[in-house]
Structures are given as C-alpha cells and as structure tokens.
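The values are calculated or read from the model by the stated rules, or taken from the named source; none is laboratory data. Keep in mind that this is a model prediction, so the values were computed, not measured. Positions of Cβ are backbone-derived with ideal geometry, glycine not excepted, and every protein chain shown enters the neighbour counts. Surface accessibility is based on the protein's heavy atoms, side chains included, excluding ligands, DNA and RNA. Shrake-Rupley method; radii C 1.70, N 1.55, O 1.52, S 1.80 Å.
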Amino acid sequence: MSLLPILQYPDERLRTVAKEIDLDNFDKNYFQNLAENMLETMYHSKGVGLAATQINVHQRIIVIDVSENANEPMILINPKILEASAEQCKEAEGCLSVPGIYENVERSSKITFEYYDINKNEIVQKNADGLLAKCVQHEIDHLNGKVFVDYLSQLKQGRIKSKLQKEQRLAEKHNKK
Ligand code: NI
C-alpha cells in the first residue's frame with residue numbers, strides 16, 4: 001500500500017466532475033488497490049472520508065470511516081443520494097484538501113443513499129444521520145467538483161484561499177532547500 005498525494009484547495013483539479021464507474025467492465029483488483037491506498041492515506045491524515053477526486057483520480061469512488069476506533073472502513077462506488085431531509089443541521093466541517101480550516105456548513109440531517117460495494121453488490125442505506133450523513137454529502141460533493149468552502153461567504157472563501165496559497169508557497173520554498 002502507499003500514501004497518495006492529496007490535492008490542496010484551491011487546486012483547479014478539485015473542480016473536475018468524476019465519471020461513473022462502469023460496473024460491466026469492472027476491474028476489481030484496480031479498484032480494491034485504489035481504495036486501500038485511499039484508506040491508508042485517509043487514516044494517515046486522521047480523516048474520516050476521502051474522495052478519489054482529492055487524489056486526482058476522477059472516478060466515482062469514495063472511502064469513509066466514521067467509527068470511533070477507525071476500524072470500520074467503507075468503500076462506496078457510484079454513491080448517490082436518493083433522499084435528503086428538509087431538516088438541516090449546521091456543524092463544523094474540515095477537509096484533507098483544506099488543511100487546518102474548520103467552518104460550519106449546513107447539510108441535510110438525514111439521508112438515504114445507495115452505492116455499490118467492491119463486489120458490485122447494490123446497497124441502500126436508509127435514514128443515515130450524524131457524522132455518516134454529513135460525510136457522505138461532503139464526499140459526493142467532491143465527486144461533483146465541489147468543496148465545502150464553496151458554501152461559505154465570498155469573504156471567507158477569499159481569506160481561506162490566500163491563507164492556503166501562502167502556506168503552499170512557504171512549503172514549496174522549504175522543499176527546495
Ligand atoms: Ni473533503
């Protein structure tokens with residue numbers, strides 16, 4: 001397994017809309033290996049979710065682990081939200097592509113979603129709530145080229161962009177030494 005580099009906001013590649021994975025010509029080994037590397041990368045960075053978009057692979061696959069002990073990995077292929085509650089909740093979110101930034105985002109508090117697992121079984125999860133609901137919405141946004149920062153005011157987006165760009169420039173300088 002190997003750690004994968006994570007695209008950092010405001011990298012334009014985070015805006016790519018990921019393609020549906022063709023289950024009729026499904027290379028299980030490729031996706032199993034990809035998902036394992038994504039999980040390792042996610043756990044290494046203490047994240048609870050990672051979308052393929054964030055590692056510059058533009059196919060609809062995400063990994064999630066919202067368990068307390070980080071030992072219940074989920075691999076979701078072609079995930080889709082079927083129902084989202086009108087009721088919303090506002091909670092702080094972070095993202096491995098937006099390091100060090102935590103801001104409140106309003107999302108549906110309950111969702112029903114479907115996906116395919118690595119064995120191409122179709123799974124429907126009804127009325128997911130809490131961290132799982134929030135995380136699935138956040139990661140599917142990534143597959144659609146959207147980052148949680150997009151929900152914030154223009155002013156906040158501008159501040160976050162310049163803060164991260166400054167940090168990225170410093171890191172580049174440091175790496176060149
Ligand atoms: Ni994210």
Practice problem: Say whether the condition of being of a type in the set (D, E, K, R), closer than 24 Å to Asp65 by Cβ and open to solvent by 90 Å² or more (accessible area, probe 1.4 Å) is met by at least one residue in region 136-146. | Solution: no
Practice problem: Only one of these is out of contact with any helix residue (DSSP H, G or I) (no Cβ under 9 Å at 6 or more places or on another chain), of a type outside the set (Gly, Ala, Ser), away from the ligand (no atom under 16 Å from the Cβ) and at pLDDT below 95: Lys163, Lys177, Lys90. Name it. | Solution: Lys177
Practice problem: Name every residue in region 46-60 that is within 14 Å of the ligand (Cβ to nearest atom) and touching a residue at least 60 places away in the same chain (Cβ under 8 Å), in order of residue number. | Solution: Val48, Gly49, Leu50, Ala51, Ala52, Thr53, Gln54
Self-check item: Answer residue from region 120-129, given it is open to solvent by 20 Å² or more (accessible area, probe 1.4 Å) and touching a residue at least 12 places away in the same chain (Cβ under 8 Å) and is nearest to Gln88 (Cα to Cα) among those
Solution: Asp129
Self-check item: Hey, Asn104 surrounded by fewer than 17 Cβ atoms within 10 Å (Cβ to Cβ), without any contact (Cβ under 8 Å) to a residue 24 or more places away in the chain, farther than 20 Å from Ala18 by Cβ and within 16 Å of the ligand (Cβ to nearest atom) or not
Solution: yes
Quiz item: Under 9 Å by Cβ, and 6 or more places apart or on different chains, what pairs join a residue from region 9-23 that is among the polar types (S, T, N, Q) with one that is surrounded by 11 or more Cβ atoms within 10 Å (Cβ to Cβ)?
Solution: Thr16/Thr53; Thr16/Asn56; Thr16/His58; Thr16/Gly145
Practice problem: Within region 142-156, track down each residue that is free of Cβ contacts under 8 Å to residues at least 12 places away in the same chain and away from the ligand (no atom under 15 Å from the Cβ). | Solution: Ser153, Gln154, Leu155
